[in-house]
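Coordinate-derived values only; no laboratory data. Note that the structure is a prediction, hence the values are computed from the model and not measured. With ideal geometry, Cβ positions are generated from the backbone for all residues, glycine too; neighbour counts draw on all protein chains shown.
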Amino acid sequence: MRDKFLSFSLPLIGQEEIDEVIEALRSGWLTSGPRTRQFEENFRNYCNAPAALALNSCTAGLHIALRSLNIGPGDEVITTPLTFAASVNVIEHVGAKPVLVDVEPDTLNISPRGVERAITNATKAVLAVHYAGHPVELDQLQEICSQNHLHLIEDAAHAVGAEFRGKKIGAGSNLTAFSFYATKNLTTGEGGMLTGSAELLDRARILSLHGMNREAWSRYAAGGKWAYDIVEPGYKYNMTDIQSALGLQQLRRFAQMQERRQEIVRQYNSAFEVFPGFLTPVTRPHVTNALHLYVLRLRPQEWSVDRNRFIEEMTARNIGTSVHFIPIHMHSFYRNKYGYSPDAFPVAQQAFEHMVSLPLSPSMSDKDAGDVIEAVLDVRACFAKRRMAG
Ligand SMILES: *Cc1c(COP(=O)(O)O)cnc(C)c1O
């Protein structure tokens, strides 16, 4: 057994990242400046996005996306129960109503059929989450949204590098929010990026920095460099040049980091998929999976212990794990406000009860990955039901 605890997710920070940050600190420019402009430009290029706006979080990006589209009280936004609370909290923040739709059993992404059924006269947008890095069925959702005059907002917190039918997530005109939180595939410690059409991002950019517009001022005043106008009460959501320095280097090594993720996922899949007790993650043939999470699911009828005990057994073997996610409708705020029962979204609920996210990070060595496999198989040997031979 492993003698040192393996963290669920350790970032890969090398000397290059450290050097970039030191340079930023020495440059005399700490807040949003030249490095942030460059990071926006490089990220935009990477995704082939029409435009990009660097922010201090993905949550900020989702919030500003809703505000930029004038979504507010009286409006409904359709989204998934199987996501981090941030995706749904922002809908509450703007005063709109989140309408949850259950997920598909294989990818655990929002069901396009379910979305169609949930549309009412009050629906203004669909907020789709590319769960674990596997893109949602974008063409079906896009079609449904176009037919019903709805906006499609993408929560791409897990999806840097993901592709749908050969196009990077973020390459379209939809407002798409990425996360560079410490555990995500590409990190700036905290941070995010909003991509989408240049027109939508112009408004988002103003909202992201106090509602300040220098152009509006120059329209009716011979303003110098000091002049600005507040066109609406905006937020303080900008990214610093210190964060962008980290991001610039993370983006340079991103392809290599993704390759390492892929190797580990291949090792996990081939070790686990031969056993009936495990359901390994799927990747549909027309997508590139960003492989943010490795969500292993236990087939309950094959086990004499539940998922919680499985996690305890992994911890006892010095392997960190996590669960993604406690479904939104099971959290007290949402449960109480909307009166959801736990089985209101049975696919999400069942998946939640039997899932465990295994360590997955490009910083993991072959030995780390081997230790995870060994621990999982050892727990299986102890607690999977024995089948009668022949
Ligand atoms: C991490 C995460 C977010 C929030 O990202 P931040 O950058 O921390 O704001 C939003 N949605 C999902 C699905 C996430 O996993």
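Projecting the Cα atoms of ALA182, ALA245, ALA85 onto the charge dipole of the chain, computed from C-beta unit charges around the Cα centre, puts ALA85 farthest toward the positive end. Electrostatic bookkeeping for CYS47 treats Lys and Arg as +1 and Asp and Glu as -1; over the other residues with beta carbon under 14 Å from its beta carbon, the sum is -1. Residue ranges 108-121, 41-54 sort as 41-54, 108-121 when ordered by packing (mean number of other C-beta atoms within 10 Å per residue, highest first).
In plain terms, the bigger the Kirkwood radius, the slower the diffusion; for segment 1-47, with that radius from Cα pairs, at 20 °C and 1.002 mPa s, Stokes-Einstein puts D at 158 µm²/s. Of THR283, PRO346, ALA381, whose Cα points farthest to the positive end of the dipole of segment 255-383 (charges on the beta-carbon: +1 Lys, Arg; -1 Asp, Glu; origin at the Cα centre)? Comparing the listed Cα positions along the dipole, PRO346 ranks first. Tell me which residues come under 5 Å, amide H to amide H, from LEU100 once H is placed; ignore anything under 5 positions away on its chain. When sequence neighbours closer than 5 places are left aside, the close amide H contacts are THR79.
Other residues lying with their Cβ under 14 Å from the Cβ of HIS210 contribute a combined charge of +3, Lys and Arg counting +1, Asp and Glu -1.
Taking Cα centre as origin and charging only the Cβ of basic (Lys, Arg, +1) and acidic (Asp, Glu, -1) residues, the dipole magnitude of segment 255-383 rounds to 420 debye. Computed 3J(HN,Hα) for segment 137-146, one whole-Hz value per residue from the Karplus formula 6.51 cos²θ - 1.76 cosθ + 1.60 where θ = phi - 60°, is 6, 4, 5, 5, 5, 4, 4, 4, 5, 4, glycine and proline marked x.
Calculate the FRET efficiency for GLU232 and ARG113 from the Cβ-Cβ distance with a Förster distance of 25 Å, rounded to the nearest 0.05. The formula returns an efficiency of 0.10 here. Amide H to amide H distances under 5 Å link ASN238 with ASN56, where only residues 5 or more positions off or on other chains count and H is placed in the peptide plane. Backbone geometry of segment 253-259 corresponds, through the Karplus equation with coefficients 6.51, -1.76 and 1.60 at θ = phi - 60°, to 3J(HN,Hα) couplings of 9, 4, 4, 5, 5, 5, 4 Hz, x marking Gly and Pro. Among beta bridges from DSSP that stay inside the chain, the antiparallel ones total about 60%.
Residue ranges 83-89, 31-37 sort as 83-89, 31-37 when ordered by packing (mean number of other C-beta atoms within 10 Å per residue, highest first).
The phi torsions of segment 104-119, fed into the Karplus equation with coefficients 6.51, -1.76 and 1.60 and a -60° offset, translate into couplings of 7, x, 8, 7, 6, 8, 3, 7, x, 4, x, 4, 4, 5, 8, 6 Hz, rounded to whole numbers, with Gly and Pro shown as x. Here the dipole of the chain is about 140 debye; that uses its Cα centre as origin and unit charges on the Cβ of Lys and Arg (positive) and Asp and Glu (negative). Computed over neighbours whose Cβ is under 13 Å from that of THR107, the net charge equals -2, Lys and Arg +1, Asp and Glu -1. If you average the alpha carbon positions of segment 320-347 and of segment 140-160, how far apart do those two centres end up, in angstrom? Answer, in whole Å: 23. Close amide H pairs (under 5 Å, H built 1.01 Å from N) link TYR294 with LEU358, residues at least 5 positions away or on another chain.
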